[in-house]
Structure formats: C-alpha cells, structure tokens
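Asks: If you scroll down you'll find the structure; I have some questions about it.
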Amino acid sequence: MTSTIEPVRHGSSIGQPLTRRDGPLKVKGQARFAADNLPPGTLHAALCVSKIARGRVKSLDVAAAEAHPGVVKVMTPENAPKLSKDPDLKDVPFTFRIDVLQNDKVRYANQPIAVVIAESLEAATEGARLLAPTYEEETPRIGLDAGEVFTPDAVGVGAPPEQVDGDVEAGLASAAKTFTGTYETPAQYHNAMEPHAAVASWDGDKLHLFMPTQGLAIAQGRLAGLFGIKPTDIHIDSPYLGGGFGSKGVPAGPQVLACMAARLTGKPVKLVPTRSQMYGPMGHRGPTRQTLRLGADEAGKLMALDHHILTASSSFDDFFEPAGRVTTTLYASKSTAIRHEAVRLDTGTPLFMRGPGEASGSVAIESALDELAFDLNMDPLEFRLANYAEVEPFSGKPFSSKALRECYAQGAKAFGWAGRPLKPRQTRDKDGFLVGTGVGTATFPALIFEGMARAEIRADGSGTVEIGALDMGQGAWTALAQIAADGLGLGMEELTFNMGSSDLPNAGIAGGSGHTATAGNAIHAAAQDVIGQLTELAVNDQASPLFGAGNAGVTAAGGRLTRRDDPSRSETFSAILNRAGRAKIEGKGKAGADAAAQKSYAMHAHGAVFAEVKVDPDLGQVRVSRLVGAFAAGRIINPHLVRSQYYGGMIWGLSFALHEKAEMDPRTGRFLNDNLAEYHVPVNADIPAMEAILIPEEDSVVNTLGVKGVGEIGITGTAGAIANAVWHATGIRVRDIPITLDKLLG
Amino acid sequence: MILFDYTRAATVADALATGRQPGAAFLAAGTNLVDLMKGGVTNPERIIDITRLPGLSGIEAKPDGSLRIGALARNSDVADDPHVAKTYPMVAEALLAGASAQLRNAATVGGNLMQRTRCQYFTDAVSPCNKRQPGSGCAALGHATRIHAVQGWSEQCIATHPSDFCVPLAALDASVEIEGQGGTRSVKLTEFHLLPGDHPERETVLEPGELITALTLPAEAARFAGNARYLKVRDRTSYAFAVVSAAAAMILDGGKIGQARLAFGGLALKPWRVTEAEASLAGKAPSPEAYAEAARIALDGAKPTGEANAFKIELARRVAVRALTLAAAGTPARLPALPASPFGIV
Amino acid sequence: MTIPIRLTLNGKPHAIDLDDPRITLLDLLRERLGLTGAKKGCDRGQCGACTVLVDGKRINSCLQLAVSLDGAEVLTIEGLSEGDALHPVQAAFIAHDGFQCGFCTPGQIMSAVGLIREGKAGTDPERIREGMSGNLCRCGAYAGILEAVKDASGRMEQREDAA
C-alpha cells in the first residue's frame, strides 16, 4: 500500500491533497461532538426501551424509579409534553414517524417507552431499569415470510417500484443461456460510532440543541412542527458528526425526547442512547430477497435482465430498500425489468443507509452476472464489457461522463486480473489456502440538492465563507474550504470558513453522496457573486489598472484580480475595496439541479472493484487479501480525502459481504446481537492491503464544479466482487449474505 | 446498575469474610462483571474490590517444576511472561487470541475463569433463563444460534463458556486454588466449571464467599512445550468470540505420539476436554488418519441444539485435526502475528 | 456520602470525591472532569473509543469503576501532546488520514500509543493490524490507521535509538 498521493491540480486549492483542517482538533480530542457538551445545570436522561416488538405497555413502576436517589422526573405517556403535531403525521416531505411517548403502543423492540431524568447519568440509567415494564404482548411479525406481500407506492425516496423496458419473458425465451438465482441480504444497522446524542435546552420558546445531524434545516423543520415553534427559533450546533451513514438524516425519536425532557424539567437535558438502543428507533437497511433472472445470447450479450425484490418496512411507516434501482442504470440488456414488493414487519422503520438500494442490489446483480458468465464460459470482466451501457438503460440518455472502461482497464491492470482461471477452486497459495478473485462494477448516481452559501471579502484582503454544511467524516471542513478559497481567489490562510450550525445558510442534506456537489457549488456561486461585484468595482474605476477589462476579463487568485489578457496588470482585493471606501463585499450563492441538463443526461459516478480472498479449505474462514478499486467521479477536490472515502466504502462492501447481519428472535422480535461484540463490523485485522485508483474524469454537465459524489460508490461493486471471489476460491456460491464460514464448510 | 456498597478488601481473610454476605460479588478488573451489571444481568448489592489483595498477581515457577499464576495476574502479563510463552505456548496463544489488547490489559486470570456465558437470552436480562432465574425456562432452546452448545447441554440450558484461556488450561491439567473459610483447596480446572444439568444456575464449584487465589500448571504440562497450539475459528479475524476453538498438544517420542492433549472451546458450558480422544493418539505416529480418529472420538455424542449450530460438530472435528496437525509440526519460535488464527501461519 | 480517591491525571495529582460508586472512569472523565476526549461508543468494552492508559497500559475506561482506580495514573488524549506540539502518533494520524469522522480517533491514538509502548508490533503491518483490532472505526479508516501507526512506531523507535 502506498501513501503517496499525486496532486490533481485544478486551482490553487482544489485538487490539492491537503490534510484535514479539523485534524489537529480531532487528534487532540478537542473536537466537540454533541455529547461532549454539558451546559451548567444539565440533567442526564436515560431511555427505557421496549423488550417486546408488538403490543402495549401495561405498567411502569414510576414510583420505584422516582424513589431512586438522584432521579428528578420520569417521563411517560402520562406526563410527556403534548406535541403540537402528531408525530405520525407526514405532511412535510422527508418526515418519518417516530415514537415519542404520545401513547402506550409498542411497534418494535427497543422502542422508547419512558425517559428517566436525573442529576447523574448513573441515577438516570438505574431509574430506567427500575421501571420494570410489563406488557400486553401480541405475536410479532418478524422475517420476510411473516407478512402479507404488497407492492409499495414508491421505493427509496420517491422511486417507482416497477420499471419495465422491453419484454423480459421474450428475452429469456430467446436466450442461449439463462440463469435464475435468489439472493438474500439481511437487515443491517448503521452503527455510527457516535450515538444519536442530543443536549437540549429551552429559553422560553427557543430551543438550543447540540445534536449530530446530516440535515440542519430538515431537523429544524421537523422539530419546529412538533413543538409548534418557528424553525428559526431552533438553533442546532452540529460541527462534527461521529459518522452518520444516513441514520442522522432526520432527527431520531430519542433526540426529540431529549427536547421534551428539557421542556418538562425546565433544565438542559443530555440524552445519549446506548448502543443497543440504536437498534430500533434510528433506522436500518431493510432486508431483501432478490431473484435475478438473466438470459444472454451465445456472444454473451444480455437479452434479459429481470430483478425482483422482496423487502420490508415497518408496520407503521414507509421506507423500502430500492435494491432494483441499480439494475436500471448499470448494464445494457435487450430487455430489463425491476419489480419491488414488500411486507410489513414489527421492526423499526428502515432508512437510507450508505448506498441505499445500490449496495443491496449490487451484491445480487454482480453475483448473478458472474454465475451467468461462468455458464457462458466467459471471463467476468469481459462479460461486463460485452454488456457495457453506452447510454443509460431505460432512459436512453447519454451519460454526462462515464469513464468506466478506464476504471475496468486500470483496475484490472493494477490488480493483475489477466490470466485469471475461469474455473473455481483452481488456486492455492503456499500455505494451502484457497485463493479466488472477483470483480464487481461500482456505480452511484451523481446527485445534487438545493443549497445556499454566503461569502464576503473584506478590505484587509481576508474573506469568509459560511454555509450550514456538515462534516460526518467525509472531509467537508477541508474540501469545502478548498472550494471556497479558490472561489474567492484566496489562500487558505486568508479564509475564514464556517459551517455546521443552523444559523448558517441551508446547505441541504449531507447524504446521497451529493453534499460536496451541493455545498461546493453553492459556495462557488457565492464566491462568484463576491468576485463579480469586486470586478464591477475595479473595471469601472479609472484609478484601477483593471479599468476597462470587462467583467469577464479578470481572474481572481492570490488575493488579487488580474487581467486575463495581461497578467502584469493586477490589483489586490484590498486596494480595490479601500479605494472604493468599502469595508467588505458580501455575496450569496445557490446550488441545485439543472433541470435541463438532467432531462438530457444521465449522471452517475462509476468504478470497478477487484477483490482477492483467501479461504481456509477445511475451516471455511475467509480473509480478504487484496482490494483494488478504480473510480471515476468527476473532478476530485481533494485526492487525499477522496481516497479515504473510497476506502471507507470498500470496507463497508467487505463488511456487507462477510460480516453484517442483525439477528432477531422471530418469537419475540428482540435482537440477539444489538451490540458491537456480536453485530460484526470489520476490525483492523480484517482489512487487507487496499488500493484506490482515482481515474481522471471531466464533466462539464453534471454541475458547475464538475464533481460527482464519492461517499457511497465504494460499497457497490465491492460486496459483489468479494462474493464472486469467494466462489472463485471455493466453488461454493453463497447467495445468503453475509458469507460466513459455516456456509463454506462444503 | 443498582446502587451498591463498595468495600476494598485489604487481605484475603477480609475478602472471605465480606464475600460471604448475601448479594456480594468480588470485583477484580470488572471487564465482565461491570459489563453484566450495566446490562442488569447481575445486580450485586455489595462489591468487594479485591484488586489490592497482596501477593495474588505473581507468576512464579516452583521448584517442583510447576507454575503458579496468581488470580489477579492480568491476561496480558501472563501472555507476555517469557516463561509462560516458552513453556506453555498454547496458553499464551489462547490468551492473545482473546478479546482485545485493552481488555487483556485489564482482565485477570481469576476473572477469566469466572466469566459468564454470552448466551443472548442470558445477557438480555429479560428472557426466561434458568441460569439467571432458576426455574424460568430456557428461551434459547427454541431458537439456538451459532454460539450455543453441541456438547454437554441439558434441556435446562444450552449456553457455552466463552473463554479461550480455559481451553489450554483444561488440556494441560491446570488446577484452581480456592480459598475459603475452611482453608485452601485445589480443584482441577476440568472439574471447576459445571455442566448445566438440572442446575444451570450453578456454574462452578465455588461455594459462596470462596475466592480463586491462583492457578497452577503442573510440571508435566511443560513437557508439551515443543508441540502445542491453540486454534480459534472466528467470524472476524480478531476481537471475536470463538465459533469453535481447540487446544492441541503432544509429546513426540521417537516419531510416535507419546501423549496427546485435546480440548475445545465454543462447544459446551465448560472447556471440553476428551481424554478418550487423547488416548487414541498415544502410541501412534502423527498422521491425518490418527487425528481424524481422535476428532471422531472427541465429537462422539455431540448433538446440535438447533439448525444454526449443527455445523459446529463437523467444524470442531476439522478444528481438532488442524490443531493436532499444527501441534505436530512444532510450536513456532515466536507466536504468529494473528495468534490462533487459521491465517496466523508463521 | 462520597468516596475520596486520588488519581494522577495527565501528570497532575487530583483528589476526587466520588458521589457515586457506580461511576466508571469514562464517565468520571467525561461528565465530571470535563475531559471529553475519550468517547463513549458502546459503553461495554466492544469498540475501544474510550481507550486511555491506566498505569501506562491501554484499557477500556468504560468498564473500569473509578472507585477501584484509587492511586492510579491515568493518561488521556488531552495529556498526550505538550502544548501545540503534537505527539508523533497524533501527527501521523493527520498525515496518513487515519480517521474520517474523528469520533473513534482519541481511542485509536491512545491505543496506538499503548501498542507502541508494548513494543511487540514494531512496524510489522500484520502485528499492527492485530494490535489495533480492539478499536473499531465505522468510517473505515483502517488503511490510514495502519500507515499512521507504522510511521509513528518507526519514528519513535528511531528516536529511542538516537537517545
């Protein structure tokens, strides 16, 4: 593994492999995450959660809890503040139903059923235990076979559940080879290292929150509705998120409960759910059962691609893992159809989780493709190339850019794909382990949301950019500052960059791999606004060496405006502003999807992931020994950070393939592994030598800056590549994910 | 966690006196006890902190060739002790394959013996569990998972003991030194943990108030130093409990196995040592056939408790064969980077 | 009733009156002493985010009852660097991008410091991976963590050789 990173130079800052600007604070333990705040007089709150999955709470021993030394108050449906809006009302887009003590109903295990507020965390925690709830229990519906199958109105965020392009039955009938396989993926939990903490305090009808969130304005809107106050009266500090992965996209019930507890007691309240309490009210990746039917002609051209998905949502709300979506964009086929069906279960409501839909769908389709390729006696990579989508399937739109061929080529070269035996179980290493290799295609849509930013340049030559953007680890503090610095033509030293607070302009949600595009383009636009005004001042001022250059005739860099046609004629920002008697120039910028471009083009990031695994031939234990990913995602703002995003995604792909699975007892709906000892995510020793190749890609269509997202694409492709590599090593095709050693004992 | 009385014992006598009181629990590192108290699984009213008891953390080679390890010695100190590593390498390997470095730095020898099962129905503090609440039933029985027992279980309890350390200790005939009101007694490790039978709430032979003070590895155990391995099959490469593990050791004598030792982890509520399997190896030349025969005998009578753990029986046979093969190949001069892992090839 | 204990915390002696015997070292640091560098990721010894050094050894502070640590020497992330100068492990984590969200980072760094002090891993990647496996990183920064620990370990060895 190499740690040299080549700068991909676009501007002075953009493209530079800068280290994280928040790095020094984070390595010194000085970056303040939400739960690190403890305003004077703060009370501690602990949740009491349901141990049944369906029914109602019959009793809570409030007296026992209140008698415990240090307990101040027990909040139950009896005394919980009544909300201004039914928390189950979905009158605003992006609303998820939450359980916040408005009734005694239990809809899933680990649902909050009471909150104990105390002077100390120890007292609150014991108070919650002393409540010793009793229940009226109904038989829970757990597992994909437990509910009645129906077709949801929409999957993911507003996507159609069924899409058909051509006649798949005819395609299958005409195919030289067909393959049918059913793949299962389990429920997975985000498990951000930082729990969904909230430190809430009220000042009259104004609410202050230290709370990690991936969407400040969404959170403000939700809380404002629930508490009947103005969004602007809610101040949220979220400078750092300890991971989100989708689970902090909307406020979770326990965070709302912290606000309610603060209101009930009139004191600041800190509520940090325990790890196990995060399995339920914070969303998860819904389970899927996916049946792929594929057909190809003799030459390996896909004639039919049929993807059926059965998934699950909760009994009371809608989020359906859109696992088929990836099939509509990935490969060219004469006919393609996707269809989602679902059941309702007594679990918490699923939610978008890193690579929602794409991750689950990718592992199934990439596995199925390999199964058919083997039947066709074709190299899996050649098979993918044979079905390369030159235009987006279904829509027929050209891609705004698609350097996937280059990803395949460079990835294969770096990995050493050539010469791979087609047959499985052909290779052993010197220690006798079975060795196998596999490939998977990575893809994720290049999204952009609506966002705003403001910028200013001051007479002393310094500047500020402000935006309600969020850093959950992707590196927004650094990458967005790089965009800001280049936009204002300043060095990083002259730039003040603020983000992570709801007082700043709304930058939309940090999700969908669209945050750098959204916030970056908003920042860029705000900076352009400032530079435009500054240029206006200079080119119309006879005293300026830039006089008469015209608005398009200057560039901003190094704190100066410079004539494009004559670099010797330039002037500092400071000189321009001082002469004009202006203390500063302020600007605003917006970003959003370009409807015309979206109508004409398909926009996706792409990649190819190659995996090598070793499998113990007798014991079945698997270890990934190499992972190489090559990704093309438009302009790279900071290759250092982007590489880390790819690595992170690839590790999630490894985790998807080999480790993660939430287990429940179907009799009770209770979790069997709602902890980090038994819900396995990879440890350091699971992670092999990795390589991420950044394939250059220019895209003048996708957005002004030409950036696509990099946060989620790494999972796609990787899980399938590993599943394929395990088959190649062992000859055993595991269609029930995760691939655990018991399935490889032969 | 309930509000408890905290006392720090200054002497063993002190500890024994207070430890007899109802609701008392001894606190050493607390890596298991505090975890269980946080989960409400166990709720001691009185914590007797034994961490300062003098003379209980030493590792001492005795003139008779045995080794005495104080009950308060930390897992990492035992694993890193040069004498232990050299003379009882599979003990060191098992220790280093357990938990994480942080936990090993805290956890004590006595605490390791006393650690409770990871059975989900025991740790959730609410399910029927005969171990936690005698007579309430066994919720695991209808939905056994991969961690549940395939040997030695009863209708009352199908839990397993999670320790790695205890597995080679059982194989090497270690004994447990126990101090009580009536004085000191010594119990073989293989007899220290109790199978569930009709009384899964009784987990060890310790009487209320008794304290483990030391472990002893007999002189005989040192004879296996040259051919001893611990092998642990896990669902992730590190920081995971065993699916199945085995300690295998032998004394090779002129191309033949003089004596062999074989014990398993992950199969039962105690480290599962099978002397019949060991005996089958004695006098034979080391060979895959001999190992397979020993493995077959070792898993005689094994019975799954559900679909999810049936695979462990065959896996355990293979683990036994591999562990014996590794042991026969000789103990490595330095423990592998991934101790006890199938991928820990030196 | 309070229980008095003494700790040497980041090199300075502290007399602390514990108001509750249930307080863990982690909660003592975070909720009572304002040292919020060590993080609570699981509170059950399953993630390593709370790692600090006690008497020079890395441990999970979430599982240690503070009352039991009377007299101990505790080093947290806040006491690692002197002034503005970063400890070599801290600097290496920045240079090699050994973190993303930064939540597990104080625990990772304290664990790495412990690992290097243990002196068994050196710059061997496999031994570092194993030695750092008690610290989960959900962002998936393991490649950078490995490089950072390897780099810092090498530098610290060199420094000791020179001394």
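Asks: Compute the accessible area per residue over the range A:496-648, keeping the other protein chains in place, probe 1.4 Å, unit Å². Could you put the intermediate results ahead of the total?
Replies: Values: 5300 Å² over 153 residues.
I get 35 Å² per residue for the range A:496-648.
Asks: Related question: About the Cα centre, and with charges only on the beta carbon of Lys, Arg (+1) and Asp, Glu (-1), how big is the dipole of the range C:3-77? Nearest 20 debye, please.
Replies: Numbers: 10 positive and 9 negative charges, 62 e Å.
Computed charge dipole of the range C:3-77: roughly 300 debye.
Asks: Suppose every K and R has +1 on its Cβ and every D and E has -1 on its Cβ; what is the size of the dipole of the range B:253-346 about the Cα centre, in Debye to the nearest 20?
Replies: It works out to roughly 220 debye.
Asks: Taking amide H atoms as placed 1.01 Å from N in the peptide plane, list the residues 5 or more away in sequence, or in a different chain, whose amide H sits under 5 Å from that of residue A:106.
Replies: A:55, A:56, A:57
Asks: Follow-up question, since we're still on this one. Dividing the alpha-carbon Rg of the range A:396-490 by 2.2 N^0.38 Å yields what?
Replies: The range A:396-490 yields a ratio of 1.86.
Asks: Also, I was wondering about something else. Given H placed on each backbone N at 1.01 Å, which residues far from residue A:61 in sequence or on other chains put an amide H within less than 5 Å of it?
Replies: A:132
Asks: On to the next question. How large is ³J(HN,Hα), in whole Hz, for each residue of the range C:96-112 in order, when computed from phi with the Karplus curve 6.51 cos²θ - 1.76 cosθ + 1.60 and θ = phi - 60°, using x for Gly and Pro?
Replies: Once θ is set to phi - 60°, the couplings for the range C:96-112 become 9, 6, x, 6, 10, 6, x, 6, 7, 4, x, x, 4, 5, 5, 5, 5 Hz.
Asks: Just which residues of the range A:26-42 lose 10 Å² or more accessible area with every protein chain there, against their chain alone, with the probe set to 1.4 Å?
Replies: The answer is A:26, A:27, A:28, A:29, A:32, A:33, A:35, A:36, A:38.
Asks: Place a point 7 Å from Cα of residue B:52 in the direction of its Cβ. Which residues in the range B:76-98 have their backbone N less than 20 Å from it?
Replies: Label zone hits: none.
Asks: Further question: Of the DSSP beta bridges with both residues in chain A, give the percent that are antiparallel, rounding to the nearest 5.
Replies: Around 75 percent antiparallel, to the nearest 5.
Asks: What shape does chain A have by the C-alpha gyration tensor, where a ≥ b ≥ c are the square roots of the eigenvalues, rounded means a/c under 1.5, and otherwise prolate means a/b greater than b/c and oblate the rest?
Replies: Because a/c hits 1.5 or more and a/b fails to exceed b/c, chain A counts as oblate.
Asks: Would you please give the FRET efficiency between residue B:184 and residue A:430, computed as 1/(1 + (r/R0)^6) with r the Cβ-Cβ distance and R0 = 51 Å, to the nearest 0.05? Mind dumping the intermediate values first?
Replies: On the way: r = 52 Å, r/R0 = 1.02.
So, using R0 = 51 Å, E works out to roughly 0.50.
Asks: Sticking with this one: Enter the Cα centre distance for the pair the range B:186-215 and the range A:648-706, rounded to the nearest angstrom.
Replies: About 42 Å separates the Cα centre of the range B:186-215 from the one of the range A:648-706.
Asks: Hey, another quick one. Hey, got a sec? Which trypsin sites (Lys or Arg not before Pro) in the range A:14-111 land in a DSSP loop and have at most 15 other Cβ atoms within 10 Å?
Replies: Hits after loop and neighbour filter: A:32, A:82, A:85, A:90.
Asks: Here is a further query. Of all DSSP beta bridges located in the range A:618-715, what percent are antiparallel, nearest 5?
Replies: Just about 25 percent of them are antiparallel.
Asks: Moving on. Among rounded, prolate and oblate, which fits chain C when a ≥ b ≥ c are the square roots of the eigenvalues of its C-alpha gyration tensor, a/c under 1.5 means rounded, and a/b larger than b/c means prolate?
Replies: prolate
Asks: Additional query: Using θ = phi - 60° and the Karplus curve 6.51 cos²θ - 1.76 cosθ + 1.60, what whole-Hz ³J(HN,Hα) does each residue of the range A:70-75 get, with Gly and Pro shown as x?
Replies: Values, residue by residue: x, 6, 9, 7, 10, 9 Hz.
Asks: Would you work out what percent of the accessible area of the range B:196-311, with all protein chains in place, is carbon or sulfur (probe 1.4 Å)?
Replies: On the way: 2140 of 4030 Å².
The C+S portion of the solvent-accessible surface of the range B:196-311 is 53 percent.
Asks: Using the 2.2 N^0.38 Å rule of thumb for compact globular proteins, work out how the protein assembly as shown stacks up: its C-alpha Rg over that value, please. It would help to have the intermediate numbers written out before the result.
Replies: Numbers: Rg = 30.8 Å, N = 1255, 2.2 N^0.38 = 33.1 Å.
Ratio of Cα Rg to 2.2 N^0.38 Å: 0.93.
Asks: Continuing with the same structure: Quick check on the protein assembly as shown: helices-only [θ] at 222 nm, where DSSP H runs of length 4 and up contribute -39,500 (n - 2.57) each and the sum goes over total residues. Nearest 500, please.
Replies: So the helix-based figure for the protein assembly as shown works out to -7500 deg cm²/dmol.
Asks: For the pairing of chain B with chain A, what total accessible surface becomes buried, with a 1.4 angstrom probe, in square angstrom to the nearest 100?
Replies: Chains B and A together bury roughly 3200 Å² of accessible area.
Asks: Let me ask you something else. Average partner chain C-beta neighbours within 10 Å, per residue of C:109-119? Don't jump to the answer; show the numbers that get you there.
Replies: Working: counts 4, 2, 4, 0, 0, 3, 1, 0, 0, 4, 0.
Taking the mean over all residues of the peptide, I get 2.
Asks: Once you order the gyration tensor axes a ≥ b ≥ c over the Cα atoms, which shape class does the range B:151-213 get: rounded for a/c under 1.5, otherwise prolate or oblate by comparing a/b with b/c?
Replies: Judged from the Cα gyration tensor, the range B:151-213 comes out oblate (a/c at least 1.5, b/c at or above a/b).
Asks: Now, a different point. If R0 is 35 Å, what FRET efficiency do you get for residue A:66 and residue A:148 from their C-beta distance, rounded to 0.05?
Replies: So, using R0 = 35 Å, E works out to roughly 0.20.
Asks: Here is a follow-up. Counting only protein heavy atoms, what percent of the accessible surface of the range C:88-162 is carbon or sulfur at a 1.4 Å probe?
Replies: Numbers: 960 of 2070 Å².
The nonpolar share, carbon plus sulfur, comes to 47 percent.
Asks: List the residues of the range A:657-678 whose accessible area drops by at least 40 Å² when all protein chains are present, compared with their chain alone, using a 1.4 Å probe and counting only protein heavy atoms.
Replies: Checking the loss per residue gives A:667, A:670, A:672, A:676, A:677, A:678.
Asks: Among DSSP bridges having both ends in chain B, what percentage is antiparallel? Round to the nearest 5.
Replies: In chain B, approximately 85 percent of DSSP beta bridges are antiparallel ones.
Asks: For chain B, with the dipole built from +1 on Lys and Arg beta-carbon atoms and -1 on Asp and Glu ones, taken about the Cα centre, which of B:16, B:311, B:260 lies farthest toward the positive end?
Replies: In chain B, that residue is B:311.
Asks: So for the pair residue C:159, residue A:103, with labels modelled 7 Å out along Cα→Cβ, what separation do we get in nm?
Replies: With each label point 7 Å from Cα toward Cβ, the separation is 6.2 nm.
Asks: Summing Lys, Arg as +1 and Asp, Glu as -1, what charge do residues with Cβ under 15 Å from the Cβ of residue A:605 carry, residue A:605 excluded?
Replies: Numbers: positive: A:325, A:354, A:402, A:405, A:635, A:643, A:708; negative: A:358, A:392, A:406, A:697, A:698, A:699, A:712.
So the environment of residue A:605 carries a net charge of 0.
Asks: If you take the beta carbon distance between residue A:332 and residue A:12 as r and set R0 to 41 Å, what does 1/(1 + (r/R0)^6) give as a FRET efficiency, to the nearest 0.05?
Replies: Efficiency computed from Cβ-Cβ geometry: 0.50.
Asks: Near the amide H of residue C:74, under 5 Å away, which other amide H atoms are found, from residues 5 or more places off or on another chain, if H is placed in the peptide plane?
Replies: C:8, C:9, C:10, C:11, C:55
Asks: For the pairing of chain B with chain C, what total accessible surface becomes buried, with a 1.4 angstrom probe, in square angstrom to the nearest 100?
Replies: Counting protein atoms only, the buried area is about 3000 Å².
Asks: Using θ = phi - 60° and the Karplus relation 6.51 cos²θ - 1.76 cosθ + 1.60, list the HN-Hα couplings for the range A:685-693 in order, rounded to whole Hz, with x at every Gly or Pro.
Replies: 5, 7, 9, x, 4, 10, 9, 10, 9
Asks: Work out the mean other chain Cβ neighbour count within 10 Å for the residues of A:431-440 and drop it here as an integer. Please list the in-between numbers first.
Replies: Working: counts 4, 1, 3, 0, 0, 0, 0, 0, 0, 0.
Mean shielding count: 1.
Asks: I'd like the interface area for chains A and C: accessible area of each alone minus the complex, both sides summed, 1.4 Å probe, protein heavy atoms only. What is it in Å² to the nearest 100? Before the final figure, lay out the partial values.
Replies: Working: alone 27670 and 8910 Å², together 32130 Å².
The buried area between A and C, both sides summed, comes to about 4500 Å².
Asks: Taking the Cβ of residue A:692 as the centre, find all other residues whose Cβ is under 12 Å away and add up their charges (Lys, Arg: +1; Asp, Glu: -1).
Replies: Values: positive: A:643; negative: A:691, C:97.
So the surrounding residues net to -1.
Asks: Give, to the nearest whole percent, the P(r) tail of the range A:277-357 beyond 19 angstrom, counting all Cα pairs. Let's see the in-between values first.
Replies: On the way: 1429 of 3240 pairs.
Everything past 19 Å amounts to 44 percent.
Asks: Ok, one more. For the range A:577-721, which whole-number percentage of the solvent-accessible area (1.4 Å probe, protein heavy atoms only) is attributable to carbon and sulfur atoms?
Replies: 47
Asks: With equal scatterers on the alpha carbons only and no solvent term, can you work out the Debye log10 of I(q)/I(0) for the range C:3-77 at 0.14, 0.15, 0.25 1/Å?
Replies: One equal scatterer on each Cα of the range C:3-77 leads to -0.36, -0.41, -1.23.
Asks: Once label points are set 7 Å from the Cα along Cα→Cβ at both residue B:220 and residue A:555, what is their separation, rounded to one decimal in nm?
Replies: So the two model labels end up 8.5 nm from each other.
The values are calculated or read from the model by the stated rules, or taken from the named source; none is laboratory data. Computed from a prediction, not measured in an experiment: that's the story for all the values here. Cβ coordinates were reconstructed from backbone atoms using ideal geometry, including for glycine residues, and neighbour counts include every protein chain displayed. Side chains are part of the model used for accessible areas, which takes the heavy atoms of the whole protein and leaves out ligands, DNA and RNA. Shrake-Rupley method; radii C 1.70, N 1.55, O 1.52, S 1.80 Å.
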